[in-house]
1. Sum up the charges of everything whose Cβ sits under 15 Å from the Cβ of SER132, counting Lys and Arg as +1 and Asp and Glu as -1, but leave SER132 out.
2. Counting Lys and Arg as +1 and Asp and Glu as -1, what is the net charge of the other residues whose Cβ lies under 10 Å from the Cβ of VAL84?
3. If you find the alpha carbon centre of the stretch 41-61 and of the stretch 79-112, how far apart are they in angstrom?
4. How many Å² of accessible area per residue for the stretch 1-107, probe 1.4 Å?
5. Can you give the accessible area of THR78 in Å² (nearest 10), computed on protein heavy atoms with a 1.4 Å probe?
6. What's the carbon and sulfur percent of the stretch 59-123's accessible surface, probe 1.4 angstrom, rounded to a whole number?
7. Using modelled backbone amide H atoms (1.01 Å from N, in-plane), which distant-in-sequence or interchain residues come within less than 5 Å of TYR118's amide H?
8. Order TYR49, TYR55 by their accessible area, 1.4 angstrom probe, all chains in place, largest first.
Amino acid sequence: ESFGRTCMENGQYSPAIACEPRLCGTAPLFPMTTGAHEGIFFFGQSVEYHCAAGYSTDAAIPSASDFTVECLADGWDTAVVGCVPVTCEVVHDDTHTPVAPYTIDFGSINIVTCADGYTSDGTGGGATHLFSECSPSGVAQLASCRPVTCPAATLMTGLHSAVQEHRDYTIEIGRAHV
């Protein structure tokens, strides 16, 4: 913008218009952030933000949690995205149904199926589904399933058998099979 001044009949210039910094107003709000954003801001000032746990400015880099928004000559910098959920890569181990690695976002869960012969607790009636979650630090949380075992046989106390594991028993002399 510009303004002009005119030399008046009294030999003085017309009044000058004061130049003041452009007003951006209050700081923009970004979900999942913290920081001091109160007050009114003018051209040349900036506001610092910090992403909440589990969020960052780059989903693949959990530590990228700080960003700044500047008050520009034409208002707030609108190119800033803010905070997005961190992503985690989930890789199944041999105790889960085989699938290709995949990613999930912080705050979401995914149902994972145990491989045949495995349950969440190793019992025949145990759950066959677990949940994978994405931690705030970008590490997937997924427990392994446990192999199903039969309880200790009354003939051979203390011995557990895995599914499909065969055990042979010998009858002592003088005893009969019942």
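The values are calculated or read from the model by the stated rules, or taken from the named source; none is laboratory data. What you see is a predicted model; the values in this text were computed from it and never measured. Don't worry about glycine lacking a Cβ; one is built from the backbone with ideal geometry, like all the others, and counts go over all protein chains shown. Areas reflect the complete protein model, heavy atoms only, side chains present, ligands, DNA and RNA absent. Shrake-Rupley method; radii C 1.70, N 1.55, O 1.52, S 1.80 Å.
1. Summing Lys and Arg as +1 and Asp and Glu as -1 gives -4.
2. For residues surrounding VAL84, the net value is -2.
3. 23 Å
4. Dividing the accessible area of the stretch 1-107 by its residue count gives 68 Å².
5. 130 Å²
6. Carbon and sulfur together cover 54 percent of it.
7. Here VAL148 satisfy the definition.
8. Result of the area sort, largest leading: TYR55, TYR49.
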